[in-house]
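Novice: Before anything else, here's the structure in question.
Throughout, read-outs are computed from the coordinates displayed, never taken from laboratory work. Please read all numbers here as calculations on a predicted model, not as lab measurements. Note that each Cβ is placed from the backbone with ideal geometry, even for glycine, and that neighbours are counted across all protein chains shown.
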Amino acid sequence: MAIKIFIDQGHNPRGAVNAGAEANGVNEGEVNYNVGIYLAQMLNNDPRFEARTSRISPEQVLGTSNATSLAERVRMANEWPADYFISIHCNSNPNPAVNGTEVYVLELYSQSYVFGEFVLNGVVDYVGTNNNGLRVNSSLFVLRRTNMPSILVELGYLTNYEDAVKLRDRQYDFAYGIYRGILNYFGFEPI
């Protein structure tokens with residue numbers, strides 16, 4: 001039976017509620033959407049997995065507020081029900097020197113923590129971003145309310161020029177890095 005992975009492309013399109021960050025000419029909602037679609041295609045082309053995404057078109061808006069947008073993403077994953085949940089995001093910081101990839105989980109040394117470690121290493125190894133480590137954040141709604149191991153991936157910093165170029169030009173590579181991390185977590189060889 002296929003492993004079911006729900007991919008939440010964090011935020012909504014530019015101009016909508018919960019649209020996410022924008023810097024260096026790169027829009028978070030667009031990056032998250034594209035990386036999620038690439039990742040879903042990779043997983044759905046691998047018979048060991050079945051993937052669904054929270055947004056099925058670039059223009060799709062989930063919810064009418066930040067709260068209802070987050071609740072809808074969690075509802076879809078829980079009702080499927082998914083075996084794993086990955087929320088894809090881009091980061092920003094007032095300091096443009098801050099860069100790199102990090103993964104957030106609800107608690108240390110959980111199944112999510114181990115899963116997140118593999119995904120983080122997959123992205124860092126394949127894309128060459130800085131490894132900012134695995135971080136616990138118990139305030140993140142999508143990690144608190146999902147019923148399966150869940151991680152939130154911050155691919156890179158839109159506010160850092162080098163990261164922004166990667167986020168703009170290497171979206172497929174970010175997705176492939178996540179996919180490689182998932183394969184390594186399960187001990188699977190690429191097909």
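Novice: R0 = 25 Å: FRET efficiency of Glu22 with Val136, Cβ-based, nearest 0.05?
Specialist: Numbers: r = 27 Å, r/R0 = 1.09.
That gives a FRET efficiency of 0.35.
Novice: Roughly what % antiparallel, to the nearest 5, for the DSSP beta bridges in the range 3-186? It would help to have the intermediate numbers written out before the result.
Specialist: Working: 5 of 25 bridges.
Within the range 3-186, antiparallel bridges account for around 20 percent of the total.
Novice: Select from Asn91, Asn32, Ser150 the residue farthest towards the positive end of the dipole of the chain; place +1 on Cβ of Lys and Arg, -1 on Cβ of Asp and Glu, and compute about the Cα centre.
Specialist: Ser150
Novice: Quickly rank 96-102, 31-37 as a protection proxy: mean count of other C-beta atoms within 10 Å, highest first.
Specialist: On the way: 96-102: 18.7, 31-37: 25.1.
Top to bottom by mean Cβ count within 10 Å: 31-37, 96-102.
Novice: Shifting gears a bit: State the extension gain, in nm to one decimal, for the chain segment bounded by Asp173 and Asn95, taking 0.36 nm per residue of separation less the distance between their alpha-carbons. Spell out each step's value before the answer.
Specialist: Numbers: separation 78, 0.36 × 78 = 28.08 nm, distance 2.54 nm.
Between Asp173 and Asn95, full extension yields 25.5 nm more.
Novice: Once the Cβ-Cβ distance between Phe186 and Asn78 is put in as r, and R0 is 35 Å, what FRET efficiency do you end up with, to the nearest 0.05?
Specialist: Details: r = 22 Å, r/R0 = 0.63.
My answer for the efficiency is 0.95.
Novice: If you don't mind, another one. Multiply the residue separation of Ala67 and Arg144 by 0.36 nm, subtract the distance between their alpha-carbon atoms, and state the gained length in nm to one decimal.
Specialist: Details: separation 77, 0.36 × 77 = 27.72 nm, distance 1.33 nm.
Roughly 26.4 nm would be gained on extension.
Novice: Let me spell out the model: positive unit charges on the Cβ of Lys and Arg, negative unit charges on the Cβ of Asp and Glu, origin at the Cα centre of the chain. What dipole size does that give, in debye rounded to 20? Provide the component values of the computation, followed by the final result.
Specialist: On the way: 14 positive and 20 negative charges, 67 e Å.
Once rounded to the nearest 20, the dipole reads 320 debye.
Novice: Project the alpha carbons of the chain onto their principal axes and report the range along each, largest first, in whole Å.
Specialist: So the extents along the principal axes, rounded to whole Å, are 43, 37, 31.
Novice: Per residue of the chain, what 222 nm ellipticity follows from adding -39500 (n - 2.57) for every DSSP H run with n ≥ 4, rounded to the nearest 500? List each step's numbers first, then the result.
Specialist: Working: 6 runs with 78 residues, N = 191.
Rounded to the nearest 500, it is -13000 deg cm²/dmol.
Novice: For the range 57-167, with only Lys/Arg (+1) and Asp/Glu (-1) charged at the beta-carbon, what is the dipole magnitude about the Cα centre, in debye rounded to 20?
Specialist: Numbers: 6 positive and 11 negative charges, 53 e Å.
Magnitude of the dipole: close to 260 debye.
Novice: Take the alpha carbon gyration tensor of the range 87-150, find the square roots of its eigenvalues, order them as a ≥ b ≥ c, and report rounded if a/c is under 1.5; if not, report prolate when a/b exceeds b/c, else oblate. Could you put the intermediate results ahead of the total?
Specialist: Numbers: a/c = 2.27, a/b = 1.41, b/c = 1.61.
Taking the square roots of the gyration eigenvalues as a ≥ b ≥ c, the range 87-150 is oblate.
Novice: Right, here's the next one. Positive end of the charge dipole of the chain (Lys, Arg +1 and Asp, Glu -1 on Cβ, about the Cα centre): tell me which of Ser54, Gln171, Leu183 has its Cα farthest that way.
Specialist: Ser54
Novice: Sort largest first and round to whole Å: the equivalent ellipsoid semi-axes of the range 50-163, each the square root of five times a Cα gyration tensor eigenvalue.
Specialist: Details: eigenvalues 110, 64, 35 Å².
Each semi-axis is √(5λ); the values are 23, 18, 13 Å.
Novice: Follow-up. Can you find, among Asn160, Gly128, Phe118, the residue sitting farthest towards the positive end of the charge dipole of the range 3-186, where Lys and Arg contribute +1 and Asp and Glu -1 at Cβ?
Specialist: Of Asn160, Gly128, Phe118, it is Phe118.
Novice: Give a quick list of chymotrypsin sites (Phe, Trp or Tyr not before Pro) in the range 83-191 that DSSP marks as loop, anything other than H, G, I, E or B, with at most 12 other Cβ atoms within 10 Å. Display every interim value, and only then the final one.
Specialist: Values: sites: Tyr84, Phe85, Tyr104, Tyr109, Tyr113, Phe115, Phe118, Tyr126, Phe141, Tyr157, Tyr161, Tyr172, Phe174, Tyr176, Tyr179, Tyr185, Phe186, Phe188; in loops: Tyr109, Phe188.
Loop-located and lightly packed - Tyr109.
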